[in-house]
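Let me begin by presenting the structure, written as structure tokens, before commenting on it.
What follows is calculated from the coordinates using simple rules that are stated; it is not laboratory data. The structure presented is a predicted model; accordingly, all values stated were derived computationally and were not measured. Every residue, glycine as well, gets a Cβ built from its backbone with ideal geometry; the counts of neighbours run over all protein chains shown.
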Amino acid sequence: MSLKLDGKKLSLEIEEKLNNYIAKNKKMAKRAPGLAVIRVGEDPASGVYVKNKEKACSRVGIKSFIFHLKENVDQKEIEQLINELNFNDDIDGMLLQLPIPKKIDEQRLISYINPSKDVDGLNEKNIGKLVKNEPGMRSCTPAGIINLLRSQKITVEGKKIVVIGRSLLVGKPLSLMLLNLNGTVTMTHSKTQYLDKVCKEADILIAAAGKPNLVDSSYVKEGAVVIDVGIHRLKSSDNNKTNLCGDVLLEDVIPKVSAYTPVPGGVGPMTVTMLLVNTIYSWQKNFGLSSTLNDLLP
Ligand code: NAD
């Protein structure tokens, strides 16, 4: 019988902890933690993600500041906004909701974010700290995956781990975090040859390719742990309903594995929760609080 790694349940448990932590320390801090989210243009999925982040913030007592900028805003205006937020004492964390319109230089904007407010962990200073295995803001999706594994005492040290995908958002930071935890990590990508054979070696297989149902049972070793990062909305053929699926063909893979993440309800909720953790971590550092959140940081 394989174990479902229930990200939804774990995220609610962590949220309760965060809620209590804020309630306990807010009086001393004299203000709630603040998270600024910058959204550019009308990408509908971004709209949903921003709303989810706003709701999650309000559940734990973080004040959110949403800046929804027009599609035709220019680079300089966003840079100016980021600079203002860098110096705004009510803001502990800030993120740029991706994707943003192509004419805007996304990496340049991320470079402008004060590293201590960079709650997505994408600024080069935080990536550098990750490479050096020094404490710093860590990307939320990879950090959520580490916590999900930890919650079920699935150890990384000494394990063979294959990560499918090498994006700056997921694959690369995740591979580094797992390496820092002494996993033996293979990072694969769209040019990897014999991907199925490489994946079949893995004790822990993590799919973050953005390709629906790429991983079937032929990619998976008996007893492996499979983590599905992908999230896709597919139209069903008979009617206009949309179904959510990941990069893993779950019904084929579940009988073979020891543990797996569902889609939805696996990695997704943990991503949002780690954003809350990073924001609160930045807030409490500003007030010199001794943290009880350290166990949540990879
Ligand atoms: P991306 O498109 O930036 O990167 C995809 C990576 O996968 C690339 O490195 C590419 O080389 C590799 N790849 C593509 N096709 C491949 C193939 N056939 N074989 C092997 N490698 C292949 O995507 P991303 O931002 O890293 O996101 C990946 C997926 O995860 C998407 O479905 C995205 O929606 C999802 N995602 C989910 C969460 C969450 O919280 N659940 C967060 C971030 C991303």
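Just how large is the dipole of segment 30-114 about the Cα centre, in debye to the nearest 20, putting +1 at every Lys and Arg Cβ and -1 at every Asp and Glu Cβ?
380 debye
So what J values fall out for segment 210-224 if you push phi through Karplus, 6.51 cos²θ - 1.76 cosθ + 1.60 with θ = phi - 60°, rounded to Hz, Gly and Pro as x?
x, 10, x, 6, 4, 9, 10, 5, 5, 8, 10, 6, 3, x, 6
Please list 26-33, 273-280 highest first by mean number of surrounding beta-carbon atoms within 10 Å per residue.
The most tightly packed comes first, giving 273-280, 26-33.
For segment 1-52, state what percent of all Cα-Cα pairs lands in each successive 5 Å bin, counting from 0 Å until the bin that includes the largest distance.
4, 14, 14, 15, 17, 16, 12, 5, 2, 1
Taking segment 80-150, which trypsin sites (Lys or Arg not before Pro) meet the DSSP loop condition and have no more than 16 other C-beta atoms within 10 Å?
Working: sites: LYS102, LYS103, ARG108, LYS117, LYS125, LYS129, LYS132, ARG138, ARG150; in loops: LYS102, LYS103, LYS132, ARG138.
Sparse-neighbourhood loop trypsin sites (Lys or Arg not before Pro): LYS102, LYS103, LYS132.
Report the full-extension gain for the segment GLU79 to LYS285: residue separation times 0.36 nm, less the Cα-Cα distance, to one decimal in nm.
Value of the extension gain: 71.6 nm.
Compute the helix-to-body angle for 140-151: its Cα long axis versus the longest principal axis of the chain, expressed 0 to 90° and rounded to tens.
60 degrees
Report Rg (one decimal) and Dmax (nearest whole number) for segment 43-141, counting Cα atoms only, units Å.
Rg then Dmax for segment 43-141, in Å: 13.8, 39.
Residue by residue through segment 36-42, which ³J(HN,Hα) values in whole Hz follow from phi under the Karplus form 6.51 cos²θ - 1.76 cosθ + 1.60 (θ = phi - 60°), with glycine and proline marked x?
Couplings: 9, 10, 9, 10, 10, x, 10 Hz.
Would you grab the residues whose amide H sits under 5 Å from the one on GLY210? Only those 5+ places off in sequence or on another chain, please, with H modelled 1.01 Å from N.
GLY230
Positive end of the dipole of segment 30-114, charges at C-beta (+1 Lys, Arg; -1 Asp, Glu), about the Cα centre: which of HIS68, PRO101, ALA32 has its Cα farthest in that direction?
Final value for the positive-end residue is ALA32.
What does the charge count around LYS117 come to, taking other residues whose C-beta lies under 13 Å from its C-beta (Lys +1, Arg +1, Asp -1, Glu -1)?
So the surrounding residues net to -4.
Just the number, please: percent antiparallel of the DSSP beta bridges in the chain, rounded to the nearest 5.
If I count the DSSP bridges inside the chain, around 10 percent turn out antiparallel.
Straight-line reach only, C-alpha to C-alpha below 27 angstrom: list the lysines that LYS76 could link to, leaving out same-chain residues fewer than 8 apart.
Those lysines meeting the cut-off are LYS51, LYS53, LYS63, LYS102, LYS103, LYS117, LYS125.
Can you list the equivalent-ellipsoid semi-axes of segment 140-268, largest first and in whole Å, using the square root of 5 times each Cα gyration tensor eigenvalue?
Semi-axes from the Cα gyration tensor: 23, 15, 15 Å.
Using 0.36 nm per residue, how much length does the chain from GLU222 to SER190 gain when fully extended, once their Cα-Cα distance is taken away?
Values: separation 32, 0.36 × 32 = 11.52 nm, distance 2.43 nm.
Contour length minus Cα-Cα distance gives 9.1 nm.
Wrap a convex hull around the Cα atoms of the chain, take a quarter of its surface area, and give that in square nanometres.
Averaging across all directions leaves 16.0 nm² for the Cα convex hull.
Once phi is turned into θ = phi - 60°, what whole-Hz ³J(HN,Hα) does the Karplus curve with 6.51, -1.76 and 1.60 give for every residue of segment 201-208, x standing for Gly and Pro?
So the Karplus estimates, Gly and Pro as x, are 7, 7, 6, 10, 10, 10, 9, 9 Hz.
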